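Scroll down for the structure; my scribbles are underneath it.
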Amino acid sequence: MNSSSGEGRHDDDSALAEFLASLMDYTPTVCLVGIPDELVEHYLSRSGFHCPDLRLTRLVAVAAQKFISEVASDALQHCKARQAAPVKDKSKQPKDKRLVLTMEDLSKALREYGVNLKHQEYFADSPSTGMEPSSREE
Amino acid sequence: MEPPAKHEEEEEEEEPSPRPPFAAAAAISRIAVAQICLTVGYAAAEPAALRSLSDVAGRYIQILARSAASIAAVHGRTDVNLLDLVRAMEELSLPRGFAGASDPTRSLLRSSVLRELMAFVRSVHEIPFPRPIRRESVRARASPSFAQLGREPPLRHVPRWLPCFPESWERSRREEEGCGEGREREGDRVSAAVKLSEEGFLPAEWERVRFRLACYGGSDGEGKKKGEHGVEEREERKGK
């Protein structure tokens, strides 16, 4: 069904072949793109995924990386939007202008992907979490 | 990209996290996710957010792998191929939709999901993982099948291409079976004893020696004990 590659679409197929070959080019022990082979293999072996082909392992890694970076960039948009929003009370303005990945942005971004991430309001991340509850209110 | 996620990793390490069973995998995936966040443009991350995102990453990989494996199984194969994987990726991207999803006769190899993935790989820079990972620490070794070892499966309904049962399971099963076949059991017991001693447990004959020692221990001194011990051991070996 799939290999009916007749209709002059050879460029597509060669692009795919090139892509798969490019997945092999990364150095195996260090890492390919974001997610190391070893980690992916660990998860694959736990889910009954059997394939001796390293390219497929890397394809999984690349897919996961794409997913995570999409989620992260969505969360980044949420974060930027929140920082750009005008703040009425000057005292409530967060002094830190760094872009920080927070649970709030992350759960908003993940909701679009069908992942419901509920975080505890009073869960203390670090000793300083409870100090400034003013910076995050909805 | 080169100065690695200083802030993130600092914040990660500040906090003593509870050790999950797969601590190594969790830690590695946290660093990988931190690197991805860094390339996206973040400067730092809350530890909890980073942990959740890396958890999501692990689950994503597992769901992808599981659905690819089940698609392969539906088609009567044990090994996953590219088409199964593409189909699984399409399934996973259904909630957001993808181009061409409405066409049931579309070619999997020209799937828009795969094409987007190619574009992504072309656009993203290679980020090497900060340090090499010991393979043994993460990867579970795949156990060889019965056919590879040239053994017959212990149960008749078990096909030969399946991986071998764990050694401990077979041993306990043999013990359960009782004293049906005498000679075989004897051989098994010997090999079990050898195995135990290889694994660092006490050898099988040790028990009897200790029992004798306890008998003599109360009455006499250390020297005698040692002597008895030696004699006893020698006897045991002869008996064997």
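Does residue B:103 satisfy being open to solvent by 20 Å² or more (accessible area, probe 1.4 Å), at pLDDT below 85 and of a type in the set (Asp, Glu)?
Values: open to solvent by 20 Å² or more (accessible area, probe 1.4 Å): yes; at pLDDT below 85: yes; of a type in the set (Asp, Glu): yes.
Yes, satisfied.
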Review point. Looking at (1) at pLDDT below 85; (2) at the interface with chain B (Cβ under 10 Å from one of its Cβ atoms); (3) in a loop (DSSP other than H, G, I, E, B); (4) out of contact with any Gly (no Cβ under 7 Å at 6 or more places or on another chain), which is the only condition residue A:55 fails?
Key: (3)
**Study point:** Out of B:66, B:115, B:59, B:110, sole residue that is at pLDDT below 85 and basic (Lys, Arg)
**Key:** B:110
Revision key, fill the gap. Checking A:72, A:64 in turn, the sole residue that is over 25 Å from residue A:16 (Cα atoms), modelled with pLDDT of 85 or more and either assigned to a helix (DSSP H, G or I) or open to solvent by 30 Å² or more (accessible area, probe 1.4 Å) (or both) turns out to be A:72
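Could you tell me which residue of region B:29-46 is nearest to the other protein chains (Cβ to nearest Cβ), considering only residues that are open to solvent by 20 Å² or more (accessible area, probe 1.4 Å) and assigned to a helix (DSSP H, G or I)?
Keep residues of region B:29-46 that are open to solvent by 20 Å² or more (accessible area, probe 1.4 Å), which gives B:30-31, B:38-41, B:43, B:46.
Now drop any that are not assigned to a helix (DSSP H, G or I), which leaves B:30-31, B:38-40.
Values: B:30: 10, B:31: 9, B:38: 9, B:39: 7, B:40: 4 Å.
Looking at residues that are open to solvent by 20 Å² or more (accessible area, probe 1.4 Å) and assigned to a helix (DSSP H, G or I), I get B:40.
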Check your understanding: Would you call residue B:95 modelled with pLDDT under 85, closer than 27 Å to residue A:75 by Cβ and within 24 Å of the chain's Cα centre (by Cα)?
Key -> no
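The values are calculated or read from the model by the stated rules, or taken from the named source; none is laboratory data. Computed from a prediction, not measured in an experiment: that's the story for all the values here. For neighbour counting, all protein chains shown are included, and Cβ atoms are generated from backbone atoms with ideal geometry for every residue, glycine included. These accessible areas exclude ligands, DNA and RNA; they are computed on the full protein's heavy atoms, side chains included. Shrake-Rupley method; radii C 1.70, N 1.55, O 1.52, S 1.80 Å.
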